[in-house]
Amino acid sequence: MEANGNAGIFGLEGDPDLQFLLKGGDLLKVKSRSWRKTRYFRLNEDCKTVWQQTSKTFKSDSSFSLEDMDSVRYGRQTEGLQKYTDSSADDRCFSIIFKGRRKNLDLIASSKEEAKRWVSGLEKVMTGMHSLNRQQNSEHWIYNCMRKADKNADNKMSLKELKHFLRQINIEVDDSYAEMLFKKCDTSNSGTLEGSEIKHFYDLLTYREEMDAIYGKYASTNGQMSSSDLLNFLQKEQKEPVSLEHAKKLIEKYEVDETGKHT
C-alpha cells in the first residue's frame, strides 16, 4: 500500500500518530458563532493529502494537500477561534493555517488528547514531506550536474568527466582520491562509469554517515541549516575564521531549496 511506502520514506512507518491520522475522525468545523458543523477528516493513503467530508450534495468530497499547509497551531490561536469559541474549549482547539490567501481551518476535537494527536501527527507528516522535498531537490541538482559533466553525452563518465563533475558541485579533492573513488565504482574495469556504476558513485557521494551526524548536530531550524547554524559549523568543525555575512553568501550561492535560503 502506498501509505506504507511514503510512511517509510518519512521515517514514520508504524508511528501511532500517523496511524491515528490514517484512521481519521470527527472534528467540529467552526466558521462563526452559529456555523459549527461536524465533519469527518482523515489523512489519505498517499500521506500527502487530507480528505474532508462535506454535506453539499452537488460538491464531491474534497481533499487538501499538505503542501498547501503553512502550519498547525494548537489552542485558540486564530482570530476566528478566539472570537467564536469559549476559553473553556482552548485545549480541544487547533487550526490549520494555509499558505497564501486561503482561509484558516478552525477545528475543535472531542478531547484534549485527540486535538494534540491531530497537531502532532500533522506536524510529523509535514516535516517528513519537507525533508523529502529538500532531498529530491538536492538529487535533481546533482543529476543535472552529472549530465553536464558528461561532455560527449554517451551516458558514461570518464575519470576526466568525473573530476569536472566534482568541480561543478564545489567538491575539492586531490587527483589520487578522485582516482580511488573512480576505481572503486568501475567494477567492470572499462575505464568509464555507466549505469549502476554511476548510481554507486552517486550513493557514495551523497550518503556519508558522519556528515549526516554533523548536519543533524548543527541544523537547528526544522532540519535546515540557517546562516547562524552554518557559521557555527564552519567555526567549530572547519576552524574557519569567517563571518555571518560569509555564511549567508554561501547559502545564497549553493542552497537548492528556495525556502532554505530564508532560514
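The values are calculated or read from the model by the stated rules, or taken from the named source; none is laboratory data. Every value quoted in this text rests on a predicted model; they were computed, and no experiment measured them. Counting neighbours? That spans all protein chains shown, and the Cβs are built from the backbone with ideal geometry, glycine included. Keep in mind that these areas ignore ligands, DNA and RNA; they rest on the heavy atoms of the full protein, side chains included. Shrake-Rupley method; radii C 1.70, N 1.55, O 1.52, S 1.80 Å.
Things worth noting here:
- Taking amide H as placed 1.01 Å from N in the peptide plane, residue 75 has its amide H under 5 Å from the amide H of 93, 94, 95, each at least 5 places away in sequence or on another chain.
- Relative contact order (percent, whole number), segment 58-115, Cα cutoff 8 Å, 6+ residue spacing: 32
- Protection proxy ranking, highest mean first, for peptides 83-96, 101-114: 83-96, 101-114, where packing is the per-residue count of other beta-carbon atoms within 10 Å, averaged.
- For residue 166, solvent-accessible area (1.4 Å; no DNA, RNA or ligand), Å²: 0
- Peptides 116-128, 36-48 ranked from most to least packed give 116-128, 36-48, packing being the mean of other C-beta atoms within 10 angstrom over each peptide's residues.
- Solvent accessible area, Å² - residue 156, 1.4 Å probe, full protein context: 70
- In straight-distance terms, cross-link reach from residue 249 covers every one of the lysines whose alpha-carbon lies under 23 Å from its own, apart from those fewer than eight places away in the same chain; here that gives 217, 236, 239, 261.
- Whole-Hz couplings from phi, Karplus 6.51/-1.76/1.60, listed for segment 195-201; x for Gly and Pro: x, 5, 5, 5, 4, 4, 4
- Counting only protein heavy atoms and using a 1.4 Å probe, the accessible area of residue 129 comes to about 10 Å².
- Once backbone amide H atoms are built at 1.01 Å from N, residue 44 has 49, 50, 51 as its partners under 5 Å, excluding neighbours fewer than 5 places away on the same chain.
- Pairs with C-alpha atoms separated by more than 27 Å, drawn from the list 103/248; 163/199; 151/184; 37/103, are 103/248.
- For segment 36-43, Karplus couplings with θ = phi - 60° (6.51, -1.76, 1.60), whole Hz, Gly/Pro x: 9, 10, 7, 10, 8, 10, 7, 6
- Database remark: amide H of residue 70 closer than 5 angstrom to the amide H of 97, 98, 99 (H placed geometrically; neighbours at sequence offset of 5 or more, or on other chains; Pro and chain starts carry no H).
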